[in-house]
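Could you have a look at this structure, given as structure tokens, before my questions?
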Amino acid sequence: MQSKNLLELAGAVSSGAVRVVDLTFTLSPDFPVIVLPPEFGQAAPVRIQEISRYDGRGPAWYWNNVTFGEHTGTHFDAPIHWFTGKDLPNNSVDTMPAKDMIAPACVIDCSAGAAQDPDFLLTVPLVEAWEAKHGRIPERHWVLLRTDWSKKGWRDYANLRDDGAHTPGPNAAVMKWLVEQRGIIGFGTETIGTDAGQAGHFEPPYPAHHFLHGAGRYGLQCLCNLDELPATGAVIVASPLKIQNGSGSPLRVIALVSAN
Amino acid sequence: MIDPIEPPRRKNPLLRTRLPASPPRARSRTSHGFTRAAAEGRFMLQRCEACGAFAYPAREACPACLSVDLAFVDAPRRGALLAETTARVPSDVYFRERAPWRIGLVKMDCGPTMVAHLHADCVEGAPVLMSFQLDKSGQAVAFARPEGETPNMADDRQWREMTADPKFRRVLVTNGRSLIGQEAVAALKAAGAKTVFVGVAEPWRPFAGEQLLRGQQGIELVTLDASDEKSVTDLAADIGGKVDILVNTTEYVRPGGLLDRRGTSIARDEIDQAYLGFINLAQAFGPAMRMRGADGVNSSAAWVNILSVHALANWPAFGAYSASQAACLSLSHCLRAELRPGGVKVLNLFTGPVDNEWFQTVPPPKVAPRAVAQAIMSGLRGGLEEMYVGDVAEEIRQRLAANPKAVERELDK
């Protein structure tokens with residue numbers, strides 16, 4: 001590509017001809033995190049502690065100490081996060097190829113189904129129906145599952161009941177198929193994880209994690225504003241923090257969308 | 001007979017909030033034998049080991065036989081009011097603000113004659129029961145009340161100065177998810193608290209007992225994660241000026257000590273929740289409580305901590321948890337000193353294993369959450385500073401006094 005095309009892109013972003021959509025929730029202490037049984041190790045919650053705020057602790061400057069687990073807020077999952085991806089090369093956020101941080105996306109709108117059923121599952125036939133309308137999912141594209149889940153209040157968003165979380169996600173067959181037959185670069189959701197709330201009972205358990213990371217692909221979760229993206233043609237920029245041997249990280253996810 | 005206190009009216013915003021004054025504080029070192037008694041709700045006097053005579057005030061030698069062998073022992077509380085008087089214009093600021101103030105001379109059945117603060121229903125010549133109470137300066141004073149119950153007895157003006165009765169007060173229970181927290185809420189309401197604010201961290205997580213707390217008159221669920229500085233300061237910005245009693249029901253129990261755990265993440269959670277949570281709460285709510293110690297019928301009155309008795313002696317099976325509790329115990333002494341100018345009491349309740357999920361495999365005796373809640377009420381009503389709730393806590397206290405090394409060896413099993 002010639003450099004003038006890149007400059008053209010920058011100009012289009014600046015002029016608004018290319019819209020930048022922020023797909024990120026604000027990283028805050030009260031955003032729900034993944035819930036595991038208390039006897040397991042827990043993700044440290046997001047904590048923001050003032051170092052100083054133009055006061056006796058630092059008269060001219062404001063800054064904070066921040067702590068959080070790798071899998072808090074809108075975050076990225078690297079292959080090393082799951083046992084299936086543990087032995088792959090370049091499987092952590094610091095060693096993954098930088099070029100994988102920019103890729104186009106197909107957005108599958110399942111908001112109507114998810115509104116009917118919190119345990120709504122994306123299936124192969126549903127994706128095939130989407131492809132009949134929008135064309136075959138190209139290789140190295142993100143598949144983003146739009147459920148409008150990000151618009152819920154946080155209690156409904158986590159939707160915890162006495163038998164676990166009830167939130168939408170992919171079934172096992174569609175994850176295997178998307179990875180093996182469509183060669184997607186990753187899978188993204190609006191919910192707390194890439195998997196459905198009840199995915200621990202699937203075969204295999206947590207199929208999105210299992211198949212994505214086993215094949216060196218990525219996950220994005222806790223996304224918002226997916227309803228502002230077209231079904232095809234958006235470009236996702238998702239560059240996680242370069243944490244040494246990190247399994248994931250909170251990050252700013254943006255989408256570039258042609259305005260016309 | 002005294003009239004019941006009235007529910008306090010809303011404050012007049014044109015008037016300055018009166019700052020707390022402290023009654024005289026100086027005591028001899030020996031006199032702190034009475035401080036200990038008052039802190040634990042016991043009545044102790046010095047008794048001569050040689051001749052058996054009781055002495056008061058604190059002495060270095062027996063006034064009867066000059067033996068120096070004087071020990072503080074639990075003593076009979078009964079006496080008779082010999083004489084009473086009312087101080088109408090005292091020179092001390094604290095008492096001047098509270099005048100008229102009644103005091104009297106009580107001839108104890110066990111011998112000594114004591115100067116005591118008087119309950120309004122004490123009558124000259126009639127029998128009284130004596131106790132040591134912690135006054136607003138945190139020091140022990142003798143207090144005489146009628147032998148039997150009288151109407152509205154706890155509403156006595158002078159008695160209420162010595163206690164932290166929840167009646168008409170507004171209370172923050174910091175963690176409503178725990179069984180102890182929920183029992184405390186119920187007990188506080190039953191004790192006449194005007195409002196009980198109940199902290200709930202991460203309100204998106206449902207919890208058992210939630211429905212019971214919701215929609216009840218005088219119970220307000222508030223978002224509070226004690227381990228999150230911002231959550232605590234946000235809540236204090238809303239209600240910090242109307243928390244008269246704070247009951248810290250933070251509960252974060254995890255088994256394990258040092259060698260069989262990997263890494264520090266659980267220990268860090270323990271510290272975040274218990275220790276840093278304590279600091280966050282103290283920094284956010286403490287200053288206003290200290291400032292409001294003389295703010296009328298619903299002045300700020302007390303801060304309650306529920307601590308494991310293993311803060312005093314490490315229990316290796318819950319070794320890191322014990323250490324987090326020891327840190328909180330130390331912090332509580334700092335808080336007590338810092339709240340003292342406001343006359344706000346810090347009540348520590350020491351418990352053995354509580355009957356909850358985290359001590360599921362621990363054999364009885366375990367402390368029922370309701371028993372902890374009831375102990376909080378009696379501690380507040382009695383104005384205490386130290387309580388040992390349940391058999392395990394009481395036993396460890398006694399054994400520590402006898403031989404701490406034996407306790408250490410025997411907890412290792």
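When the convex hull of the C-alpha atoms of region B:170-411 is computed, what volume per residue in Å³ does it have? Write down the numbers at each step before the final one.
Numbers: hull volume 30.3 nm³, N = 242.
Each residue corresponds to 125 Å³ of Cα convex hull volume.
Give a quick list of GluC sites (Glu not before Pro) in region A:1-107 that DSSP marks as loop, anything other than H, G, I, E or B, with at most 13 other Cβ atoms within 10 Å.
Numbers: sites: A:E8, A:E39, A:E50, A:E70; in loops: A:E39, A:E70.
Listed in order of number, the matching sites are A:E39.
Given the alpha-carbon gyration tensor of region B:285-379, what are the semi-axes of its equivalent ellipsoid in whole angstrom, ordered largest first, with each equal to the square root of 5 times an eigenvalue? Don't jump to the answer; show the numbers that get you there.
Values: eigenvalues 175, 53, 13 Å².
Computed over region B:285-379, the values are 30, 16, 8 Å.
Which percent, to the nearest 5, of DSSP beta bridges fully inside the protein assembly as shown are antiparallel? Provide the component values of the computation, followed by the final result.
On the way: 59 of 103 bridges.
In the protein assembly as shown, DSSP labels about 55 percent of beta bridges as antiparallel.
Counting Lys and Arg as +1 and Asp and Glu as -1, each charge on the Cβ, what is the dipole of region B:32-161 about the Cα centre in debye, to the nearest 20?
Working: 15 positive and 17 negative charges, 42 e Å.
Taking the Cα centre of region B:32-161 as origin, the dipole is about 200 debye.
Please give every one of the lysines within straight-line cross-link reach of B:K167, meaning a C-alpha to C-alpha distance under 22 Å, and leave out same-chain neighbours fewer than 8 residues apart.
Answer for B:K167, where 22 Å is the Cα cut-off: B:K11, B:K136, B:K189, B:K194, B:K242, B:K345, listed by chain and number.
Please state, as a whole number in µm²/s, the translational diffusion coefficient that the Stokes-Einstein equation yields for chain B at 10 °C and 1.306 mPa s, with Rh defined as the Kirkwood radius across alpha carbon pairs.
On the way: Rh = 22.6 Å.
Here the translational diffusion coefficient equals 70 µm²/s.
Right, here's the next one. Starting from the Kirkwood radius over alpha-carbon pairs of chain A, derive D by Stokes-Einstein at 37 °C in a medium of 0.692 mPa s and give it in µm² s⁻¹.
Details: Rh = 19.2 Å.
Here the translational diffusion coefficient equals 171 µm²/s.
A further question on this structure: Can you find, among B:I396, A:H166, A:I102, the residue farthest towards the positive end of the dipole of the protein assembly as shown? Put +1 on the C-beta of Lys and Arg, -1 on that of Asp and Glu.
B:I396
Before rounding to the nearest 500, sum -39500 (n - 2.57) across all DSSP H runs of length at least 4 in chain A and divide by the residue total; then give [θ] at 222 nm in deg cm²/dmol. Spell out each step's value before the answer.
Details: 6 runs with 52 residues, N = 260.
Value at 222 nm, helices only: -5500 deg cm²/dmol.
Ok, one more. Considering all projection directions equally, how large on average is the shadow of the alpha-carbon convex hull of the protein assembly as shown, in square nanometres? Before the final figure, lay out the partial values.
Values: hull surface 153.0 nm².
About 38.3 nm², averaged over all directions.
Let me have the relative contact order for region B:170-411, percent, based on Cα pairs under 8 Å that are six or more residues apart.
Numbers: 435 pairs, mean separation 45.5, N = 242.
About 19 percent, as a whole number.
Just name one of B:V141, B:F168, B:A38: the one whose Cα is farthest towards the positive end of the charge dipole of the protein assembly as shown (beta-carbon charges, Lys/Arg +1, Asp/Glu -1).
Positive-end residue among those listed: B:V141.
Let me ask something additional. Which lysines have a Cα less than 21 Å from the Cα of B:K366, not counting those fewer than 8 places away in the same chain?
B:K413
Now a separate question. Quick check: the distance between the Cα centres of region A:162-197 and region B:156-186, to the nearest angstrom?
48 Å
Listing B:E97, B:E161 from the residue with the fewest other Cβ atoms within 10 Å to the one with the most, what is the order? Present the calculation step by step, with values, prior to reporting the outcome.
Working: B:E97 13, B:E161 21.
If I rank by nearby Cβ atoms, fewest first, I get B:E97, B:E161.
Under a crude label model (7 Å from the Cα following the beta-carbon direction), how far is B:V115 from B:K11 in nanometres?
About 3.4 nm separates the two model spin labels.
Counting pairs of alpha carbon atoms under 8 Å apart in space and at least six apart in sequence, what relative contact order in percent does region A:1-58 give?
Working: 21 pairs, mean separation 12.0, N = 58.
Once divided by the residue count of region A:1-58, the mean separation gives 21 percent.
Further question on the same structure: Return B:T361, B:T30, B:T249 ranked ascending by Cβ neighbour count within 10 Å, so the fewest neighbours appear first.
B:T361, B:T30, B:T249
Run the quick spin-label model on B:S265 and B:R18: label points 7 Å from Cα toward the beta carbon, then report their separation in nm to one decimal.
So the label points at B:S265 and B:R18 sit 5.5 nm apart.
Could you tell me the calculated FRET efficiency between B:E210 and B:C65, based on Cβ-Cβ distance and R0 = 60 angstrom, to the nearest 0.05? Write out the running numbers ahead of the final one.
Working: r = 65 Å, r/R0 = 1.08.
After rounding, the FRET efficiency stands at 0.40.
When 1/r is averaged over all different Cα pairs and the result inverted, which Kirkwood radius in Å belongs to region A:54-161? Don't skip to the end; give the middle numbers.
Values: mean 1/r = 0.0555 Å⁻¹.
When all Cα pairs of region A:54-161 are included, the Kirkwood radius is 18.0 Å.
Given the -39500 (n - 2.57) contribution per DSSP H run of 4+ residues, what per-residue ellipticity at 222 nm results for chain B, rounded to the nearest 500 deg cm²/dmol?
Numbers: 12 runs with 124 residues, N = 413.
Rounded to the nearest 500, the figure is -9000 deg cm²/dmol.
Another one. Distance from the Cα centre of region B:319-358 to that of region B:105-149, in angstrom?
When both Cα centres are located, 30 Å separates them.
Name every cysteine in chain B that ends up alone, with no second cysteine's Cβ under 4.7 Å, or say none.
For chain B, the answer is B:C110, B:C122, B:C328, B:C334, because their Cβ atoms have no other cysteine Cβ under 4.7 Å.
When only DSSP loop residues count, what chymotrypsin sites (Phe, Trp or Tyr not before Pro) in region A:1-75 have their Cβ near at most 13 other Cβ atoms within 10 Å? Please report the intermediate quantities before stating the final value.
On the way: sites: A:F25, A:F40, A:Y54, A:W61, A:Y62, A:W63, A:F68; in loops: A:F25, A:F40, A:F68.
Hits after loop and neighbour filter: A:F40.
Run the reach check for A:K176 against lysines, Cα to Cα strictly under 26 Å, same-chain hits fewer than 8 apart removed. What comes back?
Straight-line reach from A:K176, under 26 Å: A:K86, A:K99, A:K133.
Could you state the number of Å between the C-alpha centres of region A:217-245 and region B:80-94?
Going from one Cα centre to the other spans 76 Å.
Specify whether the C-alpha gyration tensor of region A:96-155 places it in the rounded, prolate or oblate class, a ≥ b ≥ c being the square roots of the eigenvalues: rounded for a/c under 1.5, otherwise prolate if a/b is larger than b/c and oblate if not. Write down the numbers at each step before the final one.
Details: a/c = 2.80, a/b = 1.33, b/c = 2.11.
Note, shape of region A:96-155 comes out oblate.
To continue, here is another question. Residue farthest toward the positive end of the dipole of the protein assembly as shown, with Cβ of Lys/Arg at +1 and Asp/Glu at -1: which of B:G209, B:L224, A:F187?
Farthest along the dipole direction, towards plus: B:L224.
Identify the trypsin sites (Lys or Arg not before Pro) of region A:75-157 meeting these criteria: DSSP loop state and at most 15 other C-beta atoms within 10 Å of the C-beta. Display every interim value, and only then the final one.
Numbers: sites: A:K86, A:K99, A:K133, A:R136, A:R140, A:R146, A:K151, A:K152, A:R155; in loops: A:K86, A:R136, A:R140, A:K152.
Passing both the DSSP loop test and the Cβ count: A:K86, A:R136, A:R140.
Then there's this: What residue among B:A55, B:A99, B:A164 shows peak mean-square fluctuation when chain B is described by a Gaussian network model with Cα springs under 10 Å?
The residue that fluctuates most here is B:A99.
May I pose another question? Please report B:R381, A:R217 as a ranked list, fewest other C-beta atoms within 10 angstrom at the top and most at the bottom. Before the final figure, lay out the partial values.
Working: B:R381 16, A:R217 24.
Result, fewest neighbours first: B:R381, A:R217.
Next question, about the same structure. When 1/r is averaged over all different Cα pairs and the result inverted, which Kirkwood radius in Å belongs to region B:32-161? Intermediate results must be reported in sequence, preceding the final value.
Values: mean 1/r = 0.0654 Å⁻¹.
One over the average 1/r among Cα pairs gives 15.3 Å for region B:32-161.
The numbers here are math on the coordinates, done by the rules we state, and not lab data. Here the structure is a predicted model, which means the values were calculated and not measured. A quick note on method: Cβ atoms are made from the backbone with ideal geometry, for glycine too, and the neighbour counts reach across all protein chains shown.
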